[in-house]
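Here's the structure, in structure tokens; my notes come after.
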Amino acid sequence: MKIKLLKNKHRLLVFIKQIKDYIFPIYCLDCNKEGDWLCEDCYKKLDLSGRFFCPVCHSPTEYGECCANCLEQSFLDKEIAILKYSEQEIIGKIIYNLKYNYAEDLEDLIKKIIIEFCQKNSSLFTEATEIVLVPLHKKRYAERGFNQAEIIAESLAEILSLPINKNLKRIRYTKQQAKLNKKERAENINEAFALLGKNISSTIILVDDVFTTGSTMQACAKVLKEKGVKKVIGFTLARG
């Protein structure tokens, strides 16, 4: 009976998707071809080799680890990103539509990107035992209806078979970071996070959508380190 219900649910979801695609057709974000958010030809243009730079000074490092000169300035031990961020490029359009056009069905494309990257770089995450996502304030979550970092975290968790710890909370409403300069970002995000609950792994992957100045992830990593986390590995879909 349970199997039959699951099959019926799957058929219903497929039917709903077909109706949705008919009423609201999807066009490739790059070439505008109808059918998918990113057609196969445009997907092949993506450079999924990874972005590995120091989280502080942004100098190239082998695995995104913090360089020797910046160790004392960083709460992030390393930062791993898949793609180079640009608003005008494919990844910029993906993230924009996910965050501001509420296109949650981009999840399959994001998962595909993460899977391919992890297959090529499986050794990068072997020491991690838990995933933590950069949280939205409850007010912004209500405005948007979802957290884009959570979508990325869920895909990564499924691929790596790791649990997600959602005890990191944003306790203060802040301005949007994208509209601020580096100094303003650091001030805006200061003391905006808190870790609720006692259970936390010693090595975690901290997930967000884009890494630019690193202010948000550093603020989150600071809270995690103060609560006993030994190592924080930042992971983002893209890096500016």
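Is there any pair with a first residue in segment 199-220 that is on the phi > 0 side of the Ramachandran plot and a second that is outside any strand (DSSP E or B) and crowded, with 24+ Cβ neighbours inside 10 Å whose Cβ atoms are under 8 Å apart and which are 6 or more apart or on different chains, and what are they?
Once the first residue is on the phi > 0 side of the Ramachandran plot and sits in segment 199-220, its partners that are outside any strand (DSSP E or B) and crowded, with 24+ Cβ neighbours inside 10 Å give Gly214/Pro55; Gly214/Leu76.
Which one is surrounded by the fewest Cβ atoms within 10 Å (Cβ to Cβ) among residues in segment 194-233 that are in a helix (DSSP H, G or I) and of a type outside the set (A, V, I, L, M, F, W, C)?
Glu226
Could you please let me know if Ala103 is under 23 Å from Pro55 (Cβ atoms) and hydrophobic (A, V, I, L, M, F, W, C)?
Spelling it out, it is not the case that Ala103 is under 23 Å from Pro55 (Cβ atoms) and hydrophobic (A, V, I, L, M, F, W, C).
How many of the residues making up segment 101-118 are within 20 Å of Ala157 (Cβ to Cβ) and either within 13 Å of the chain's Cα centre (by Cα) or not charged (D, E, K, R) (or both)?
10
The rows are residues; the columns are (1) in contact with a helix residue (DSSP H, G or I) (Cβ under 9 Å, 6 or more places away or on another chain); (2) among the acidic types (Asp, Glu); (3) modelled with pLDDT of 95 or more; (4) not assigned by TED's automatic domain parsing to the domain that holds Glu116.
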site: Leu136; (1), (2), (3), (4): yes, no, no, no
site: Glu143; (1), (2), (3), (4): no, yes, no, no
site: Phe146; (1), (2), (3), (4): yes, no, no, no
site: Leu180; (1), (2), (3), (4): yes, no, no, no
site: Glu191; (1), (2), (3), (4): yes, yes, no, no
site: Ile233; (1), (2), (3), (4): yes, no, yes, no
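Inspect all residues belonging to segment 74-97 and state whether any of them is over 24 Å from Ser155 (Cβ atoms) and modelled with pLDDT of 95 or more.
Yes - at least one qualifying residue is present in segment 74-97.
List the number of the failed condition for Ile151; all other conditions in (1) within 26 Å of Phe193 (Cα to Cα); (2) without any contact (Cβ under 8 Å) to a residue 24 or more places away in the chain hold.
(2)
Name the one entry in Glu87, Glu72, Glu79, Glu62 that is among the acidic types (Asp, Glu), part of a helix (DSSP H, G or I) and at negative phi.
Checking each option against the conditions leaves just Glu72.
Given the conditions (1) surrounded by 16 or more Cβ atoms within 10 Å (Cβ to Cβ); (2) in contact with a strand residue (DSSP E or B) (Cβ under 6 Å, 6 or more places away or on another chain), which single one is not true for Pro163?
Here Pro163 meets the rest and fails (1).
Filter segment 30-56 down to the residues that are over 15 Å from Leu109 (Cβ atoms) and without any contact (Cβ under 8 Å) to a residue 40 or more places away in the chain, then identify the one that is surrounded by the most Cβ atoms within 10 Å (Cβ to Cβ).
Cys54
Looking only at helices (runs of 4 or more DSSP H) that fall completely inside segment 103-185, which ones have 3 or more residues that are of a type in the set (A, V, I, L, M, F, W, C)?
It comes to 107-120, 148-160.
What residue, of Leu136, Leu98, Leu156, is within 14 Å of the chain's Cα centre (by Cα), farther than 27 Å from Lys231 by Cβ and surrounded by 14 or more Cβ atoms within 10 Å (Cβ to Cβ)?
Leu98
If you check every pair at least six apart or on different chains, which have Cβ atoms under 6 Å apart with a residue in segment 57-69 that is in the same structural domain as Thr213 (by TED's automatic domain parsing) and of a type in the set (Asp, Glu) first and a residue that is part of a strand (DSSP E or B) and modelled with pLDDT of 95 or more second?
Listed by first residue and then by second, the contacts come to Glu65/Lys78.
The values are calculated or read from the model by the stated rules, or taken from the named source; none is laboratory data. If you're wondering where the values come from, they're calculated on a predicted model, not measured in any experiment. Please note: Cβ atoms are built from the backbone with ideal geometry, for glycine as well, and neighbour counts cover all protein chains shown.
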